[in-house]
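Working notes, structure below.
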């Protein structure tokens with residue numbers, strides 16, 4: 001089994017992600033591509049010491065990027081929306097935004 005820090009790669013700090021955090025009580029993370037919803041739920045509960053209500057995931061294919069005549073692809077990645085149970089304290093990972 002992977003560790004919690006291998007499953008949760010980093011928080012996605014965007015305007016949309018911070019808006020979901022403020023209004024819906026939902027955290028947004030980039031997660032490992034092979035991670036299941038159950039693994040993501042357990043990892044968030046372990047790292048942040050909170051109770052998770054539900055997890056939604058979305059897969060994003062890598063886009064083509066060019067540098068002059070050279071072309072390549074960005075890697076595929078996976079995003080997880082983690083909704084906390086009512087009454088749980090929201091962890092602060094983006095305080096200075």
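Being surrounded by 14 or more Cβ atoms within 10 Å (Cβ to Cβ), modelled with pLDDT of 95 or more and in contact with a strand residue (DSSP E or B) (Cβ under 7 Å, 6 or more places away or on another chain) is a condition met by no residue of the range 10-24.
Among the residues of the range 40-96, the ones that are under 19 Å from residue 9 (Cβ atoms), part of a loop (DSSP other than H, G, I, E, B), in contact (Cβ under 8 Å) with a residue 40 or more places away in the chain and out of contact with any strand residue (DSSP E or B) (no Cβ under 6 Å at 6 or more places or on another chain) come to 3 in all.
Checked against (1) within 13 Å of residue 81 (Cα to Cα); (2) surrounded by 16 or more Cβ atoms within 10 Å (Cβ to Cβ); (3) over 12 Å from the mean Cα position of the chain (by Cα), residue 50 passes all but a single condition, namely (1).
The values are calculated or read from the model by the stated rules, or taken from the named source; none is laboratory data. Owing to the predicted nature of the structure, the values given are computational and were not obtained by experimental measurement. With ideal geometry, Cβ positions are generated from the backbone for all residues, glycine too; neighbour counts draw on all protein chains shown.
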